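Contents: one structure, followed by commentary.
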Amino acid sequence: MTPEITKIESVEFEYPIENVGTDGNGFNLVYEPGSTLTSSKIAVKVHTDTGITGEYVVATSTSPDQISKFAKFLIGKNPLERERHWSEVKRALRKYDRMGMGPIDIALWDFAGKYYDAPIHELLGTYRERLPAYASTYHGDDAGGLDSPEAFADFAEECLEMGYGGFKIHGWGGGDELRNLDREIKAVHAVGERVGDEMDLMHDPACELETFADALKLGRALDEEGFFWYEDPYRDGGISQHGHRKLRQKLDTPILQTEHVRGLEPATDFVANEATDFMRADPEYDAGITGAMKRVHVAEGFGIDVEFHAPGPAQRHCIAATRNANYYELALVHPDCPNTQPPVYEGDYSDMIDTIDEDGTVPVPDGPGLGVEYDWDYIEDNATGSVQTYE
């Protein structure tokens, strides 16, 4: 009997993050002792007539509007026909960034794993079951946390001692741009001198630098310290093929782009036009596990590596089925405040800083589907009222 989708639910919920606030511009998350940041995410369920439900939690709260535009199309459809649904919904959302596709596609993969009683990475084709992790920091602050080049170096050394093989700096943003660029460069040298011989080092200004010239100045400091990659440096928003091709021509440090390039074809063009050295993928941002794995194979075809953005069980399954990937991003980490992970997991799944083993790796969940159990009581108790049901 062919299974059918009977109902789709989307729930927005909130949760607190202690000792975290935002920087002067109000965008970057930073350490702020005594403050509590309220974050909102969404959770989805795809119900079927088999009694098996596909689930995914912790999607961006911008997704529900797009989900509403295609959810009813899926009612009555076979949940196993993911590729067909992906193609149709991609066309339907051609006027949008298609980020609403991600949570539903991941939930369909969760259903498939439960239906076949196998973890998603087995359905994709397992390459490995433990993933090397790098520590990806909160942005620099002025509150006594990561507030100086020396503080970043101290934290990098602490992460090295914990077992991390890589360390990524998110520097200062907003405010006095010249001062922040100077601190950024000093932090690069401080971290490089302290642990550069023992860790792979990355830098991600998160598109903060004001000009191409600033990006070049920072990039030359990365060259001096032998950084592993340079990610999203300046205010092009991470999407200028020309700008990043020129940056690649003037620097030795490899460029990592396409996190903010929506769509498979534009991301492929970014690689084809030699505007990046590594490709970026994210099952939430890139239209689900289906879309993220398409990026994996594009990168493989070009003979380059793909690095997954952000932590989460969907990312772990994708990386487990990917040969040409180096690291799992453990983000965001800080010496004095917790990761942004909401308390929605039952069992021992964690993306907190101490989740790595002594070799600096994290496991891939081995249960059916995503292999995690969600605390739906917590999610529903903290729902914002934005609950959508399609049937």
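What to note about this one:
- Fraction in percent of alpha-carbon pairs per bin - 5 Å, region 259-391: 2, 9, 17, 18, 18, 15, 11, 7, 3, 0
- Relative contact order [Cα under 8 Å, 6+ residues apart], region 147-217, whole percent: 44 percent
- Normalising by residue count, region 25-78 has a Cα convex hull of 111 Å³ per residue.
- Dipole size of region 40-166 about its Cα centre, with +1 on Lys/Arg Cβ and -1 on Asp/Glu Cβ: approximately 1320 debye, rounded to the nearest 20.
- Shape metrics for the chain, restricted to C-alpha atoms - Rg then Dmax, Å: 20.5, 65
- Scattering from region 323-391 was approximated by placing one identical point on each alpha carbon and applying the Debye formula without solvent; log10 I(q)/I(0) at 0.19 1/Å stands at -0.99.
- Using C-alpha pairs below 8 Å separated by at least 6 residues, the relative contact order for the chain is 22 percent.
- Gain in span if fully extended, D252 to R323, counting 0.36 nm per residue against the direct Cα distance: 23.1 nm
- Remark: accessible surface ordering of K250, K114 (largest first) is K250, K114, probe radius 1.4 Å.
- Ordered by solvent-accessible area of protein heavy atoms (1.4 Å probe), largest first, the residues F308, F212 come out as F212, F308.
- For the pair D381 and D348, the difference between a 0.36 nm per residue extended length and the Cα-Cα distance amounts to 9.7 nm.
- Largest to smallest in accessible area, the residues D381, D375 fall in the order D381, D375 (1.4 Å probe, all protein chains included).
- The order of the peptides 9-19, 360-370 by mean Cβ neighbours within 10 Å, most packed first, is 360-370, 9-19.
- Region 8-151: relative contact order in percent, alpha carbon pairs under 8 Å with at least 6 residues between: 23 percent
- Among D277, D142, D105: highest mean-square fluctuation, GNM of the chain, C-alpha pairs under 10 Å: D142
- Stokes-Einstein diffusion coefficient of region 1-110, Kirkwood radius over Cα pairs, 20 °C, 1.002 mPa s, in µm²/s: 139 µm²/s
- Accessible surface of region 220-301, 1.4 Å probe, proportion on carbon and sulfur as whole %: 44 percent
- Modelled this way, with points 7 Å down the Cα-to-C-beta line, the labels at A272 and M162 are 4.1 nm from one another.
- Under the simplified labelling scheme, the T36-D336 pair shows an inter-label distance of 2.0 nm, with each label point 7 Å from Cα along Cα→Cβ.
- Dividing the convex hull volume of the alpha-carbon atoms in region 214-311 by its residue count gives 91 Å³ per residue.
- Cross-link table K45/K168; K114/K294; K95/K217; K95/K246, entries beyond 28 Å C-alpha to C-alpha: K45/K168; K95/K217; K95/K246
- Zone residues, region 65-95, relative to T6, backbone N less than 12 Å from point 7 Å out along Cα-to-Cβ: 76
- √(5λ) per eigenvalue of the Cα gyration tensor, region 143-250, largest first, Å: 23, 16, 11
- A Förster radius of 25 Å, combined with the Cβ-Cβ distance separating E391 from E83, puts the computed FRET efficiency at roughly 0.60.
- q = 0.24 Å⁻¹, region 79-149: log10 I(q)/I(0) [Debye, one scatterer per Cα]: -1.05
- Were the residues from F73 through I304 laid out at 0.36 nm apart, the gain over their Cα-Cα distance would be 79.5 nm.
The values are calculated or read from the model by the stated rules, or taken from the named source; none is laboratory data. Bear in mind the structure is a predicted one, so any value in this text is a computation, not a measurement. Every residue, glycine among them, receives a Cβ derived from its backbone with ideal geometry; neighbour counts consider all protein chains shown. Just the protein is used for accessible areas: all its heavy atoms, side chains included, with ligands, DNA and RNA removed. Shrake-Rupley method; radii C 1.70, N 1.55, O 1.52, S 1.80 Å.
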